[in-house]
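Just below is one structure, and these are the notes that go with it.
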Amino acid sequence: MPQRKTRWVVTEGHDAPVHQVAARTIRARLDAVWADVLAAVRNERDPESVHRLRVATRRTLAALDAFEDLLPPKRRTWFVKRLRRLRRAAGEARDLDVLALRLASEPGTGRSRSGSRQAREARDRLVGMLARQRAASREPIRACYEGLLDADWQGHVDELLARISSGRRAPTFSRYAARRFRPIVARFFDKADRKMRTADEIHELRIEGKKLRYALEIFATVFPASTRARCQEALERLQKTLGDFTDHASAADRFRRWSQQDAMSGDREALAALQREENRLARDARKLFVTWWNPARRRRLRRTFENSLRQATA
């Protein structure tokens, strides 16, 4: 597993006190968020800094959920609200980055000059508009950063971690992990076993899959290394397939909304063509997902999770 992914995996021993694991895990993720928001503010032209920030906020929210019953509610809520705000800001910026980079690399834009002159000019105008929107999308990230700086982010981190519950009868980390992980698995398969009829339902499954994947990183001690690797690989494949679908579906919807704006009346034909292409790619991605995510694969993954949880609590 690449180092950029293994750094998120919690490798504490089975018998470690759960409050100590919680404090170290949450601090590491909160520190990552702070480092990544600084990088995004200082390197506004770097799309990867925005991507890393969005990933860090998601994993930190997963940790706050994983150890929720050990955290002081008000202080936890303070972080949840601000992390969600930061995630939304980074998410919009990242979506525009992905769309702009893909559109700029398609035929008819930039150095690739295939297609009619009118189509090329329309695409070039869209690329320019996206460049302006990408620049503007960094402002909410900067506003979040300045708000966190003014609110004394680091002071809030220290206060949150200082108040983590460490009762005398607290369980070991391994037993706590098995207990907390079980309902996350149940919620995922509740979504996974349903028929995916709409884009919203597919998006909901993707969200639950991310929560399960991030929880697997936190509660890694529940699983033997080889089992965890197989589960992680399956969840990453799921995320990639569903991510392709949602990216294309989101792009098609964005092109549709732009085509309805009066200011875009001259580019409606180009937008309609882009929308059709994104819808086609979304359909292809959905077919690929349905073929791969078959009942037999779901049953195998469910059994793997359930057997590991059973052994962890035996």
Legend entry - Condition met for Ala62 (closer than 27 Å to Arg142 by Cβ, touching a helix residue (DSSP H, G or I) at 6+ places or on another chain (Cβ under 7 Å) and surrounded by 18 or more Cβ atoms within 10 Å (Cβ to Cβ)): yes
Inset, instruction - Answer yes or no: is there a residue in segment 73-94 that is over 13 Å from the mean Cα position of the chain (by Cα), part of a loop (DSSP other than H, G, I, E, B), under 23 Å from Ala162 (Cα atoms) and not hydroxyl-bearing (Ser, Thr, Tyr). - result: no
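Going by the conditions given, is Ala263 part of a helix (DSSP H, G or I), without any contact (Cβ under 8 Å) to a residue 60 or more places away in the chain and over 30 Å from Arg175 (Cα atoms)? Even if it seems obvious, please write down each step before you answer.
Details: part of a helix (DSSP H, G or I): yes; without any contact (Cβ under 8 Å) to a residue 60 or more places away in the chain: yes; over 30 Å from Arg175 (Cα atoms): yes.
So Ala263 fits the description; yes.
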Legend entry - Any pair with Cβ under 7 angstrom, 6 or more apart, that starts in segment 27-50 at a residue that is outside any helix (DSSP H, G or I) and ends at one that is buried (at least 16 other Cβ atoms within 10 Å of the Cβ): Asn43/Ser49; Glu44/Arg138
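Would you check if Val10 is outside the structural domain of Leu148 (by TED's automatic domain parsing) and either of a type outside the set (D, E, K, R) or modelled with pLDDT under 85 (or both)?
Working: outside the structural domain of Leu148 (by TED's automatic domain parsing): yes; either of a type outside the set (D, E, K, R) or modelled with pLDDT under 85 (or both): yes.
So Val10 fits the description; yes.
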Legend entry - Where a residue in segment 146-161 is modelled with pLDDT of 95 or more and its partner, wherever it lies, is of a type in the set (D, E, K, R) and surrounded by 16 or more Cβ atoms within 10 Å (Cβ to Cβ), with Cβ under 6 Å and at least six apart: Leu160/Arg75
Legend entry - Whichever residue in segment 236-257 is without any contact (Cβ under 8 Å) to a residue 60 or more places away in the chain and more than 23 Å from Glu217 (Cβ to Cβ) and, among such residues, is surrounded by the most Cβ atoms within 10 Å (Cβ to Cβ): Phe255
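Rundown of residues vs (1) part of a helix (DSSP H, G or I); (2) outside the structural domain of Thr241 (by TED's automatic domain parsing); (3) under 30 Å from Arg123 (Cβ atoms); (4) at pLDDT 90 or above, yes/no style:
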| position | (1), (2), (3), (4) |
| --- | --- |
| Asn279 | yes, no, yes, yes |
| Asp284 | yes, no, yes, yes |
| Lys287 | yes, no, yes, yes |
| Arg300 | yes, no, no, yes |
| Thr304 | yes, no, no, yes |
| Arg310 | yes, no, no, no |
Inset, instruction - Output the residue which, of all residues in segment 273-299 that are surrounded by 13 or more Cβ atoms within 10 Å (Cβ to Cβ) and over 24 Å from the mean Cα position of the chain (by Cα), is nearest to Glu233 (Cα to Cα). - result: Glu277
Inset, instruction - Please enumerate the residues belonging to segment 219-235 that are within 20 Å of the chain's Cα centre (by Cα) and among the aliphatic types (A, V, I, L, M). - result: Ala220, Ala229, Ala234, Leu235
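The values are calculated or read from the model by the stated rules, or taken from the named source; none is laboratory data. On a predicted model such as this, the values are computed, not experimentally measured, just so you know. So basically every Cβ, Gly included, is an ideal-geometry build from the backbone, and we count neighbours across all protein chains shown.
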